[in-house]
Amino acid sequence: MSDDEQWYFRISDKAVVQGKDAGAMDRMGPYPDRETAERALEIAAERNKAADDADREWS
């Protein structure tokens, strides 16, 4: 799947777009489909929590 077919979450206006239409600092992704891109912030929060939990267990 090319970058133009992938889905991204544009941070500045919380839009879900197909293709790289925003700069790297203003987008999250790529995601395989629109539904997953719509959950970008939720996915990031879940990953951050898992990393924080792993850090606490390691310490």
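The values are calculated or read from the model by the stated rules, or taken from the named source; none is laboratory data. All values derive from a computational prediction rather than experimental measurement. Please note: Cβ atoms are built from the backbone with ideal geometry, for glycine as well, and neighbour counts cover all protein chains shown. In case anyone asks, the SASA skips ligands and DNA or RNA and just uses the protein heavy atoms, side chains included. Shrake-Rupley method; radii C 1.70, N 1.55, O 1.52, S 1.80 Å.
Can you confirm whether Glu5 is assigned to a helix (DSSP H, G or I) and open to solvent by 90 Å² or more (accessible area, probe 1.4 Å)? In short, no.
Of a type outside the set (Gly, Ala, Ser) and at positive phi: does that describe Lys20? So Lys20 does not fit the description; no.
Scanning segment 29-43 for residues that are open to solvent by less than 40 Å² (accessible area, probe 1.4 Å) and either over 24 Å from Ser2 (Cβ atoms) or part of a strand (DSSP E or B) (or both) gives a single hit, Tyr31.
Only one entry of Lys20, Lys49 meets the criterion of being outside any helix (DSSP H, G or I) and open to solvent by 40 Å² or more (accessible area, probe 1.4 Å), and that entry is Lys20. Scanning segment 11-31 for residues that are small (Gly, Ala, Ser) and at pLDDT below 95 yields Gly19, Ala22, Gly23, Ala24.
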